[in-house]
Amino acid sequence: MRVRKAILPDAEGIHELIAVYSKDGTLLPRSLAELCENIRDFTVVEDETGILGCGALHLYGTHLAEIRSIAVWPALKKKGAGRLLIEALLGEADEHHVTGVCLFTRIPDFFAHMGFKAAQREELPDKIYKDCMNCPRLHACDEVAMVRGELPHFAILARPERGMVKLQI
Ligand SMILES: CC(C)(COP(=O)(O)OP(=O)(O)OC[C@H]1O[C@@H](n2cnc3c(N)ncnc32)[C@H](O)[C@@H]1OP(=O)(O)O)[C@@H](O)C(=O)NCCC(=O)NCCS
């Protein structure tokens, strides 16, 4: 098994894999167009048979990044691919001098095993303003917010009326 950054020809395989887990709401659905646009966020793990799993690192700034869309094909779970993906994405966050990495999940035990700690979603305003405010489950969210590293001390928010603003938390 080896990990590498995704390239555009991986987009269809990533799309199929995410679709497997978005049917039941485990992962947010991602369109092929959206995956092509954001392919540079993605890392894949593969062997000689093809792609085993994928995961993405979304950068908010040096104060915060988010692990998203992490998945391993159902038949290939529990063989170490997930750990390889997490380690690669955390390494990428380090390369960008990011001080804290967050994610929202329904399997906190796995991410606790990977060194993440539970957090309050209010401590992650970048994520709330990017995704949660537009989510139908805003007030009925069953996902656990988790962070590895430092909680952010500020947020960088896109406000239509004021452009980008940097807020102290
Ligand atoms: C989460 C997921 C990516 C893990 O991938 P994986 O390849 O099975 O994980 P690994 O085999 O690398 O497991 C790494 C370690 O975590 C443990 N682990 C795996 N799944 C776990 C779980 N659900 N809960 C707790 N620990 C778990 C393994 O036992 C292993 O421990 P070890 O290294 O001490 O032996 C995979 O289960 C998956 O695709 N799930 C569906 C999609 C999903 O829920 N994604 C997360 C959305 S936030």
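The values are calculated or read from the model by the stated rules, or taken from the named source; none is laboratory data. Note that the coordinates shown come from a computational prediction; the quantities given were computed from them, not determined experimentally. Don't worry about glycine lacking a Cβ; one is built from the backbone with ideal geometry, like all the others, and counts go over all protein chains shown. Just so you know, the surface numbers come from the protein's heavy atoms only, side chains and all, with ligands and any DNA or RNA stripped out. Shrake-Rupley method; radii C 1.70, N 1.55, O 1.52, S 1.80 Å.
Points worth noting:
- Test result for G115, out of contact with any Ser or Thr (no Cβ under 8 Å at 6 or more places or on another chain), loosely packed, with under 15 Cβ neighbours inside 10 Å, part of a helix (DSSP H, G or I) and free of Cβ contacts under 8 Å to residues at least 60 places away in the same chain: no
- Of residues in region 118-128 being within 16 Å of the ligand (Cβ to nearest atom) and open to solvent by less than 30 Å² (accessible area, probe 1.4 Å), the one farthest from M146 (Cα to Cα): K127
- Whichever residue in region 69-100 is outside any helix (DSSP H, G or I) and either within 7 Å of the ligand (Cβ to nearest atom) or among the charged types (D, E, K, R) (or both) and, among such residues, is nearest to E143 (Cα to Cα): I70
Residue by residue, here is whether (1) farther than 21 Å from H15 by Cα; (2) in contact with a helix residue (DSSP H, G or I) (Cβ under 9 Å, 6 or more places away or on another chain) holds:
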site: G61; (1), (2): yes, yes
site: A71; (1), (2): no, yes
site: G80; (1), (2): yes, no
site: L84; (1), (2): no, no
site: D94; (1), (2): yes, no
site: C102; (1), (2): yes, yes
site: R121; (1), (2): yes, yes
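- When A65 is tested against (1) over 24 Å from I14 (Cβ atoms); (2) without any contact (Cβ under 8 Å) to a residue 60 or more places away in the chain, just one condition goes unmet, and that condition is (1).
- Of residues in region 19-54 being among the hydroxyl-bearing types (S, T, Y) and open to solvent by 50 Å² or more (accessible area, probe 1.4 Å), the one nearest to the ligand (Cβ to nearest atom): T26
- None of L57, L103 is outside any helix (DSSP H, G or I) and either open to solvent by 10 Å² or more (accessible area, probe 1.4 Å) or within 8 Å of the ligand (Cβ to nearest atom) (or both) except L103.
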